[in-house]
Each structure stands twice: as structure tokens, then as C-alpha cells.
Amino acid sequence: MKKSSAASILHFIISLLMISIIIVSAVSCSPATTDPINTISSSLSQSSVKANSSPAMSETPAPANTPSIEQWNAATTIVLKDAGLESINMDNFYWSPDAKFIIFMGYIKNKDNKFIMNVYLLRVSDKKLIKLIDGTIDNMTDYIVKPQWSGDGSLAVINFCSITRKKYFIYLYNTKQETLELIPVNGFFPSISPDKSKMVYFDKNYGLSLFEFSNRTGTVISGKIKGVYPIWFSDNKRILFSRKTGKNPLGLEETEIYDICIMDTRKPEGIRSLGFEGLPCELAWMVRNELAWTKTRHEDGDYFGVFDIASLKMIDLGKKNEKTYQMLKGELYYIQLDEIVSGGQYGYQLLDHNRKVIGAFAVGENNYNVRPFYALSLLPDKRLFYLQADTGNNKASLAVSYLNENRFVPLSVIDGSYIPIISEDGAGIAFISKEGDRLILIDPSKI
């Protein structure tokens, strides 16, 4: 993970202060609520992947009989106005870990033609849309923190932050009973324990607190331990989180340095720092107790890593302009774009968790600058589902490539203005239109 200098921290804080003035989220974890949308074509053409230095090659567009996304049997298009919504806020769109649900914020218009942004849940199996939380008029600064789920996917903890009301609500949604409960606490970053008996969260002063579902009571674990993004170990006792260290080299408000810690919620005095000081680090389990996915926001973008608990090593993934890694059946794989054939043909290399090359996927003979590629998902049978944009015609081909077979097959054609939102394990694949008024869901089992 990229190390943070004092200058980068200052720049980060100044950026946050400026963002808060122009109507966005008020805390570091929150995504901007205004949408500077980049199309697939423009965003991919600016990827950090090296440019092809070889002469321009013949283009291989999708065959004329390739079905459009509306005709493809693996895709379902949802027109949001048919469901009573105007559009989706793409910065508040989250897949559940099992890819069976999506929680997002969507815009509606009231009878006075004013926008309201509510929180919704979409059940992928039958495309049922459920409104969870009512927003307020002109609440464009409100947002949700990435929801935390129980291991079996039956419970979701939703942190709805209402800047207009100066409230930080925590809701518990039961997907089996389809019930929503407002938890009687005000705080940030709730995380539910694996046994679903309790949750930890940080109160409005960022003190670490615990809420027991059985007796409906909350207690402060420690007012001195402050931090963000707690996640539970499987023993239902320990948590991993990003802690404020109290160090502040610039002496300015909100410029504290964070580290990564392990703590037993019953014995807060035994907190243990694992190091990795820097900006606040978002954490999520890739393999519970073993590998944690990390994200740190810098002034030049988000940086990603994989933290190995046993070895206390951080595997630096850099800026994620591509799908550089994926969990598949409990194993970690890396997907790396490279020139793998002489003459400038591009393809993806597949590497195991030790970064040993397993094989390669051929994806085309086109100049990367003209027709950039984007890896979307490593399918269960280890085929690669990917996108090839046509920057000239604002179109994109969806295709699959076969491992070590030097073979790729176009499947569908999609408008180049659609933005892909893929779950971390690649099981959830969605595209949202530039205007946010259409949602396309892809069923990986039909690819």
C-alpha cells in the first residue's frame, strides 16, 4: 500500500474540506454524491496500463450477428422509471458479499417535482425492489457507508448518514423476513459479529462501542480508542480496525495518522498495533481471519492492498484501474494485463496468490489505445469475462477468453457510456447507464 507523506495527508484533508463545501459527504469514508461520470471509453483510455508501442494492428470488432445487450439472454435490463425511480446514485451502490442483493441510493421526484434520495434494496433473483429508508427533500449530501453483512447473508447493517439532519442512523435489515429495524444508537462504521449476536460501531465522538441485539443495549468499550472500519474475527471476540494513533505531524484538525490494530472487545487494554501507519484504511475480509482487503484514499486516487494476518505483510495492489485481483472459490488470484504475444497482441496473465503465473488469456490484436480492455470477472470455470471498448464509436464488446487456449469469443455489444460495477469476488456484475436511469444485471451462470 502506498505510504503517506505529510504533504499527501495535508492535501487529502484540504480536499476533504473543499468537497464538504460543495455538497458531498462529510466524513472520510463517504463517497461524493455528485457524479462526475466518465464513460467506459474515456476512463479506460486513460488507464495506467502501458501503451502499446507496436504499430497499429488490424481491428477485430464483434461479428455483425453478436446480440446487443438487450437481446443477450445473460443480461436483464431494468428501466428505473418503470420502478418509480428517476436514477441511481452510482457512488452509493453496493453488492452484498454473496451477490444476491444490491443496496443503493436512488432518486425520485415528489409531487412538487423536487428530488428525494432514498435507500433501496434490489433482490437479484427476482429483481424485486424494496425501499428501505426514506430520504428528505434536496438531501444530496446524504450517503450510506458500505453495508456490512452477516456471514450467511441474512442480515445487513446499513449506516445512513444524513448531513442535513446531522444524524448517523444505523439500521438492521433481515433479508429472510424482509424487516428493517432502526438501532437506537447514533454512530459510524457498524459491523455485525459472525454469530449475529452483537455489533461494534464508533459513536459520534469516534469512541468504540458495542451493541447487544439480545438485550437491546449499547455500551462503550473505550472512549479512548477511536478509529474506523472494524471487522470481526470468527471467534466473535476480536476485531481488526483502523485506529487513530494520536500522531499529527501537521498539527491541523483531522490530520491524524492511523494504524491497523487487533483488539479483543472484552479486553480493550490489550489492543495490539500491527503497524502500517498512514491515512484511514478501509478493511474487509477476503478470507476471514487470514486475508483482509484494504483501500486507502490518496489525493491521486484510491490505493488497494491485501493484508496477510499471519505474516503481517501488506501486498501492494496499487491503484485499481483494472480488476487486478479476485477471490474465486476461496482462493486469491491476480489478473494482469500485458503484452503476451510478439507483435503487440494483448492478453491477461493469471497468477496465483504467490504471484506465480498459471497461464494467460488472449483478448485481441487491437491497439490498446484505440480499443482498451477491462477485465470484469474470473468465472468459476476460470474463463475471463472482459470488456473491449471502441473509443471511436462509443460501443463496447463483452467477451470471454479461455485460459491458455489463445481463444476469445464475443458475446454481446453494449453502449460505451455504461459504467460497470463489479463485486469484489466477480460474482456480481452490473452496468449503469451514464444518466443513471438504466441498470443492467449480468447472470454469470449464463455466460
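The values are calculated or read from the model by the stated rules, or taken from the named source; none is laboratory data. A quick note: this is a predicted structure, and the numbers were derived from the prediction, not measured. Cβ atoms come from the backbone with ideal geometry, glycine included; neighbour counts cover every protein chain shown.
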| task | Count, please, the residues in segment 115-128 that happen to be surrounded by fewer than 18 Cβ atoms within 10 Å (Cβ to Cβ) and either closer than 12 Å to ILE102 by Cβ or of a type in the set (D, E, K, R) (or both). | result | 5
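Is it true that some residue in segment 223-237 is part of a loop (DSSP other than H, G, I, E, B), farther than 22 Å from ILE170 by Cα and touching an Asp or Glu at 6+ places or on another chain (Cβ under 7 Å)? Write out each step before concluding.
Residues of segment 223-237 part of a loop (DSSP other than H, G, I, E, B): 233-237.
Going one step further and asking which of them are farther than 22 Å from ILE170 by Cα, we end up with 234-235.
Those left that are additionally touching an Asp or Glu at 6+ places or on another chain (Cβ under 7 Å): none.
No: segment 223-237 contains no residue that is part of a loop (DSSP other than H, G, I, E, B), farther than 22 Å from ILE170 by Cα and touching an Asp or Glu at 6+ places or on another chain (Cβ under 7 Å).
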| query | Which one is farthest from the chain's Cα centre (by Cα) among residues in segment 95-107 that are buried (at least 19 other Cβ atoms within 10 Å of the Cβ) and either part of a strand (DSSP E or B) or modelled with pLDDT of 95 or more (or both)? | reply | GLY106
| field | Test: GLY153 is crowded, with 18+ Cβ neighbours inside 10 Å and either at pLDDT below 95 or farther than 23 Å from ASN289 by Cβ (or both) | value | no
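Run down ASN394, ASN406 and say which single residue is in contact with a helix residue (DSSP H, G or I) (Cβ under 7 Å, 6 or more places away or on another chain) and on the phi > 0 side of the Ramachandran plot. Can you show your working first?
On the way: ASN406 fails: in contact with a helix residue (DSSP H, G or I) (Cβ under 7 Å, 6 or more places away or on another chain).
Only one candidate passes the filter, namely ASN394.
Looking only at residues in segment 272-290 that are crowded, with 18+ Cβ neighbours inside 10 Å and either in contact with a helix residue (DSSP H, G or I) (Cβ under 9 Å, 6 or more places away or on another chain) or of a type outside the set (Phe, Trp, Tyr) (or both), which one is nearest to PRO97 (Cα to Cα)? Give the steps one after another, and end with the answer.
Here is the first cut: in segment 272-290, the ones crowded, with 18+ Cβ neighbours inside 10 Å are 276, 278-283, 285-286.
So of that shortlist, the ones also either in contact with a helix residue (DSSP H, G or I) (Cβ under 9 Å, 6 or more places away or on another chain) or of a type outside the set (Phe, Trp, Tyr) (or both) come out as 278-283, 286.
On the way: GLY278: 27, LEU279: 25, PRO280: 22, CYS281: 19, GLU282: 16, LEU283: 14, MET286: 10 Å.
Per the criteria, the residue is MET286.
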| field | Qualifying positions in segment 419-447 - within 17 Å of the chain's Cα centre (by Cα), within 14 Å of PHE93 (Cβ to Cβ) and assigned to a loop (DSSP other than H, G, I, E, B) | value | SER423, GLU424, GLY428
| message | Restricting to segment 224-250, name every residue that is surrounded by fewer than 17 Cβ atoms within 10 Å (Cβ to Cβ) and either small (Gly, Ala, Ser) or free of Cβ contacts under 8 Å to residues at least 12 places away in the same chain (or both). | response | SER234, ASP235, GLY246, ASN248
| said: If I filter segment 101-160 down to residues being among the basic types (Lys, Arg) and touching a residue at least 60 places away in the same chain (Cβ under 8 Å), which single residue comes out as nearest to ASP425 (Cα to Cα)? | reply: LYS146
| task | Would you please name the residue that is nearest to ALA399 (Cα to Cα), looking only at residues in segment 63-104 that are in contact with an Asp or Glu (Cβ under 9 Å, 6 or more places away or on another chain) and among the acidic types (Asp, Glu)? | result | ASP98
| task | Give the residues of segment 278-311 that are assigned to a strand (DSSP E or B), under 16 Å from PRO230 (Cα atoms), in contact (Cβ under 8 Å) with a residue 40 or more places away in the chain and in contact with a Lys or Arg (Cβ under 9 Å, 6 or more places away or on another chain), sorted by residue number. | result | CYS281, GLU282, LEU283, ALA284, THR296, PHE307
| Complete set of residues in segment 258-277 that are within 15 Å of TYR229 (Cα to Cα) and not in a strand (DSSP E or B) | THR265
| query | Out of (1) closer than 17 Å to ILE170 by Cβ; (2) in a strand (DSSP E or B), the odd one out for ARG243 is which? | reply | (1)
